[in-house]
1. Only one of Leu78, Leu62 is under 30 Å from Arg143 (Cβ atoms), part of a helix (DSSP H, G or I) and either β-branched (Val, Ile, Thr) or at pLDDT 90 or above (or both); which?
2. Name every residue in segment 114-129 that is part of a strand (DSSP E or B) and aliphatic (A, V, I, L, M), in order of residue number.
3. Quick check: is even one residue across segment 113-124 of a type in the set (Ser, Thr, Tyr) and within 14 Å of Thr57 (Cα to Cα)?
4. Thr132 - would you say it is under 21 Å from Gly159 (Cα atoms), assigned to a strand (DSSP E or B) and out of contact with any helix residue (DSSP H, G or I) (no Cβ under 8 Å at 6 or more places or on another chain)?
5. Here are the criteria: (1) surrounded by 10 or more Cβ atoms within 10 Å (Cβ to Cβ); (2) part of a helix (DSSP H, G or I); (3) more than 22 Å from the chain's Cα centre (by Cα). Tell me which single one Ser36 does not satisfy.
6. Write out, first by first residue and then by second, each pair whose Cβ atoms fall under 9 Å of each other, whose residues are 6+ apart or on separate chains, and whose first residue, in segment 11-33, is modelled with pLDDT under 85 while the second is part of a helix (DSSP H, G or I).
7. Taking only pairs six or more apart or across chains, which ones have beta-carbon atoms under 7 Å, a first residue in segment 84-104 that is more than 13 Å from Ser53 (Cα to Cα), and a second residue that is assigned to a strand (DSSP E or B) and small (Gly, Ala, Ser)?
8. Search segment 109-161 for residues being over 29 Å from Asn41 (Cα atoms) and touching a residue at least 60 places away in the same chain (Cβ under 8 Å), and hand back the single one that is surrounded by the fewest Cβ atoms within 10 Å (Cβ to Cβ).
Amino acid sequence: MNASINSSSYPQLASSSGFTLIELMVTIAVLAIIVSIAAPNISTQLANQRVKSTTATLNNALKEAKVESVIRRQVMSLTYKNSSMTPGTISITDPESSVVATYQYDTKSIISAANSKIDFKPNKTADEKIYTICDSNSVASPRQIMVSAVANITSQLGGKC
């Protein structure tokens, strides 16, 4: 009696184990559709994050240059240099051209302004300047940093790349 129960249940177990080829193909097709929808959004988010990061780096560098000019009681200059092969650099220098601080930002980020140099004076003034930060991915939202004549530094979303 035990032999008949065991022999009848074996074919039933073998036929119901695992997935069929059609089930696997449908699952892969659904995953492919989901990935194709999500990929462009992820790319845009990464580009926007690079712009935000570069904006924060430039903002910190500008604030440090402003503070150093007051502390040292001398004009401090800030310059930037974009590079497509190596990370971009932001440098703060004193009147003798000695580097006080250096910052780096992503190679895909682009900083633009009318002039790459700004001077902060010890009397808490600066050259008026607007920096625009963009990404090599054109779908990213650009950001701007404005430096007023009284060395106020503000940032906002906007600008043209």
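1. Only one candidate qualifies: Leu62.
2. Ile118, Ala126
3. For segment 113-124, residues of a type in the set (Ser, Thr, Tyr) and within 14 Å of Thr57 (Cα to Cα): absent.
4. yes
5. Only one criterion is unmet by Ser36, namely (1).
6. Pairs that qualify, where the first residue is modelled with pLDDT under 85 and the partner is part of a helix (DSSP H, G or I), are Phe19/Thr27.
7. Ile92/Ala101; Thr93/Ser77; Val99/Ser91; Thr102/Ser91
8. Ile153
The values are calculated or read from the model by the stated rules, or taken from the named source; none is laboratory data. Note that the coordinates shown come from a computational prediction; the quantities given were computed from them, not determined experimentally. Backbone-built Cβ (ideal geometry, glycine too); neighbour counts: all protein chains shown.
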